[in-house]
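Below is one structure, written out as structure tokens; the observations come after it.
Just so it is clear, none of the values below were taken in a lab; they were calculated from the coordinates. This is a predicted model, so every value here is computed, not measured. A quick note on method: Cβ atoms are made from the backbone with ideal geometry, for glycine too, and the neighbour counts reach across all protein chains shown.
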Amino acid sequence: MQIFAIRLKPNDDLKVSLGHFVKQHQIEAGFMITAVGSLKQATLRFAGQNYAQAFKRRFEIVSLVGTLSIHGIHLHLALSDKKGKTIGGHLLEGCIIYTTAEIIMGVSDNLIFLRTMDETTGYKELEIKLK
């Protein structure tokens, strides 16, 4: 297993930045180990919805989980506001870093994460292959 650590800076887009990193390093089977930081804007898709919701206020990143691959990224983000109210959902473009995001990722050396259409769910789902 390889481990990568990155720090995003103010005004970086969280998902776009992770996508660039994955492509730059040709990551085929990555996963989130931990992440902390803050956003000044968040864009999420909540469970059971097919549209995005944008929030233009500050949040703390309390969790970022999921898989990363040049074949597709699937991440869920949990955020808390200044009163501690927590929301979470599917990470979309438009999550803009406020001060920082400290992200630690792991990468499997012997797997490939693909995204293929699943007839049962109607979505592109994780398909795991051995290298």
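The numbered conditions (1) farther than 28 Å from Gly37 by Cα; (2) assigned to a strand (DSSP E or B) are all true for Glu119 except (2).
Any residue that is touching a residue at least 60 places away in the same chain (Cβ under 8 Å), in contact with an Asp or Glu (Cβ under 6 Å, 6 or more places away or on another chain) and of a type outside the set (Asp, Glu) - is there at least one of those in region 17-33? Looking through region 17-33, none of the residues is touching a residue at least 60 places away in the same chain (Cβ under 8 Å), in contact with an Asp or Glu (Cβ under 6 Å, 6 or more places away or on another chain) and of a type outside the set (Asp, Glu).
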